[in-house]
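Engineer: Could you have a look at this structure, given as structure tokens, before my questions?
Computed from the coordinates by the stated procedures, all read-outs in this text should not be read as laboratory data. Keep in mind that what you see is a predicted model, and the values were worked out from it rather than measured. For neighbour counting, all protein chains shown are included, and Cβ atoms are generated from backbone atoms with ideal geometry for every residue, glycine included.
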Ligand code: UDP
């Protein structure tokens with residue numbers, strides 16, 4: 001049945017081959033991989049479908065390119081569908097993204113109803129997504145959940161920081177979100193109280209087998225970067241700071257440039273550093289090119305600052321630059337997670353990261369880098385100076401950074417949690433996963449009362465949970 005349906009929309013189906021999961025043993029150990037095989041055993045040939053809005057650019061596409069082959073390597077029939085949209089659609093969903101991250105922007109009803117809802121409807125008219133578990137990523141395809149054309153246990157994976165979400169857009173999306181069977185967030189603090197569905201916490205991850213995450217020695221890195229450095233007249237013997245991300249208002253490239261200029265004024269000539277910014281555009285991000293022009297304006301022809309866009313040989317260049325850098329700077333003003341932070345730490349490069357969203361989860365202040373306020377340009381410059389001048393500090397942080405990523409942010413850890421969710425929703429396991437965030441929801445209790453529990457529950461437990469919910473409701 002699943003195959004017949006997927007053929008109908010093959011143009012939107014990203015087909016990726018399975019990877020041999022034992023190749024991950026050197027990174028996470030044999031026990032982790034064996035445990036994963038055991039978890040996946042009853043899920044063989046079960047379908048886990050993923051839906052998002054772009055297959056290139058940005059962290060979601062980056063992760064799906066690895067999640068799909070890895071899950072397939074474990075025997076799960078993992079699929080990836082990309083919805084299609086016009087430029088109007090991506091303009092309005094970019095506004096959703098900004099508004100959900102707390103940036104004020106005007107948005108009209110016409111945009112919401114025509115550009116957004118009609119595009120989603122058109123996609124699901126021609127596209128049926130069927131899976132034992134279906135994960136819908138971010139707001140772009142979220143409204144599809146009410147189309148009647150998505151079949152399975154459907155979960156919303158929110159990759160953005162919704163803690164300060166603009167209320168108008170949040171309230172518009174809320175009925176859709178509450179229609180899902182569950183929602184996955186990166187940090188518990190992103191969850192808002194109006195959610196009436198089960199919520200789960202899962203960290204994004206990086207894939208150590210990707211060219212970008214090969215751990216480059218200095219010689220290898222210089223080999224990869226040779227042509228680019230030659231072309232842009234970069235002296236590799238000067239200490240390099242780097243910042244890599246989409247060109248986007250939240251990524252705060254302006255703060256990085258400003259901090260770098262202050263740093264440069266404070267260091268002795270033998271330490272004269274360089275700043276290299278690298279960025280790209282995602283196909284679902286119409287603001288990228290405009291933002292890049294702004295960044296070039298801030299650089300203002302400064303010979304010590306380079307701002308590159310859509311670099312050739314992207315993955316190797318990104319990994320090599322991160323490996324070569326004295327420190328990686330990621331001082332976003334809002335950030336769901338920021339894969340670049342883990343990528344840089346995996347290369348053994350300390351990260352100066354802002355105290356927002358998922359960055360706080362990755363950077364351990366004083367151990368794997370420094371946490372700063374994104375607008376405290378002086379403090380950012382001070383931390384850059386410290387990492388520039390203090391070799392011993394940098395070395396200790398480098399080792400700790402790699403270990404932090406190995407333990408928490410590698411691909412097998414993420415897939416494990418998704419498979420545990422799948423087992424739970426398919427009632428293979430009846431215990432609530434330990435990464436569940438909220439207490440039982442009203443609909444779960446209602447289901448329990450009517451005898452359709454997903455797990456064994458004693459009447460005492462049920463009574464206590466109903467009381468908790470009831471007291472919570474009265475407080476509101
Ligand atoms: N990236 C890249 N080339 C660039 C800029 C970014 O390959 O020029 C990658 C980066 O390495 C990371 C992803 O794009 O894997 C960005 O993910 P992140 O979570 O940091 O930010 P998002 O774009 O999803 O907000």
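Engineer: Out of every Cα pair in segment 309-395, what percent are spaced more than 19 Å from each other?
Structural biologist: Tail of the P(r) past 19 Å holds 36 percent of the pairs.
Engineer: For the chain, take the longest principal axis of its alpha carbons; what is the angle in degrees between that and the long axis of helix 253-266, to the nearest 10 within 0 to 90?
Structural biologist: 30
Engineer: By average Cβ neighbour count within 10 Å, what is the ranking of 357-363, 223-229, 189-195 from highest down?
Structural biologist: Ranking the peptides 357-363, 223-229, 189-195 by packing returns 357-363, 223-229, 189-195.
Engineer: For segment 159-264, treating each Cα as an identical point scatterer without solvent, what Debye log10 I(q)/I(0) comes out at q = 0.15, 0.21 1/Å?
Structural biologist: So the normalised log intensities work out to -0.89, -1.21.
Engineer: Test of understanding: express the Cα radius of gyration of segment 1-131 as a ratio to 2.2 N^0.38 Å, with N the residue count.
Structural biologist: For segment 1-131, the normalised Cα radius of gyration comes out at 1.29.
Engineer: Show that you can apply the helix-only estimate: for the chain, add -39,500 (n - 2.57) for every DSSP H stretch of four or more residues, divide by all residues, and state [θ] at 222 nm to the nearest 500.
Structural biologist: Calculated mean residue ellipticity at 222 nm is -13000 deg cm²/dmol.
Engineer: Divide, for segment 206-269, the radius of gyration over alpha carbons by 2.2 N^0.38 Å, where N is the residue count.
Structural biologist: Dividing the Cα radius of gyration by 2.2 N^0.38 Å gives 1.38.
Engineer: With viscosity set to 1.567 mPa s at 4 °C, what whole-number translational diffusion coefficient in µm²/s follows for the chain from Stokes-Einstein and a Kirkwood radius over Cα pairs?
Structural biologist: 55
Engineer: Relative to the first principal axis of the alpha-carbon coordinates of the chain, what is the inclination of helix 411-425, with its axis defined by its Cα atoms, in degrees from 0 to 90 and to the nearest 10?
Structural biologist: 10
Engineer: Could you give log10 I(q)/I(0) at q = 0.23 Å⁻¹ for segment 109-169, computed by the Debye formula over C-alpha point scatterers of equal weight, without solvent?
Structural biologist: At q = 0.23 Å⁻¹ the computed log10 ratios are -1.01.
Engineer: Could you rank the peptides 378-389, 436-447 by their average count of other C-beta atoms within 10 Å per residue, with the highest value first?
Structural biologist: Result, highest mean Cβ count within 10 Å first: 378-389, 436-447.
Engineer: To continue, here is another question. Taking only the alpha-carbon atoms of segment 48-106, what semi-axes of the equivalent ellipsoid follow from 5 times the gyration tensor eigenvalues under a square root, in whole Å, largest first?
Structural biologist: 29, 12, 9
Engineer: Here is a follow-up. If I take R0 = 51 Å and measure r between the Cβ atoms of residue 41 and residue 233 in this structure, what FRET efficiency does the formula 1/(1 + (r/R0)^6) give, to the nearest 0.05?
Structural biologist: With R0 = 51 Å, the Cβ-Cβ based efficiency is 0.35.
Engineer: Which order do the peptides 336-344, 411-419 come out in when sorted by mean C-beta neighbours inside 10 angstrom, highest first?
Structural biologist: For the peptides 336-344, 411-419, the packing ranking is 336-344, 411-419.
Engineer: Using a 7 Å offset from the Cα along the Cα-to-Cβ direction at both residue 34 and residue 118, what is the distance between the two label points in nm, to one decimal?
Structural biologist: So the label points at residue 34 and residue 118 sit 5.9 nm apart.
Engineer: How far is helix 59-73 tilted, in degrees, relative to the longest principal axis of the Cα atoms in the chain, given as a value from 0 to 90 rounded to the nearest 10?
Structural biologist: Once rounded, one gets 60 degrees.
Engineer: Using a ≥ b ≥ c from the Cα gyration tensor of segment 218-326 (square roots of the eigenvalues), is it rounded, prolate or oblate, where a/c under 1.5 gives rounded and otherwise the larger of a/b and b/c decides, a/b for prolate?
Structural biologist: It is oblate, given that a/c is not under 1.5 and a/b is not larger than b/c.
Engineer: Over all directions, how big on average is the projection of the convex hull of the alpha-carbon atoms in segment 211-405, in square nanometres?
Structural biologist: 9.8
Engineer: Taking Cα pairs under 8 Å and at least six residues apart, what relative contact order does the chain come out at, in percent?
Structural biologist: Averaging sequence separation for qualifying contacts and normalising by length gives 15 percent for the chain.
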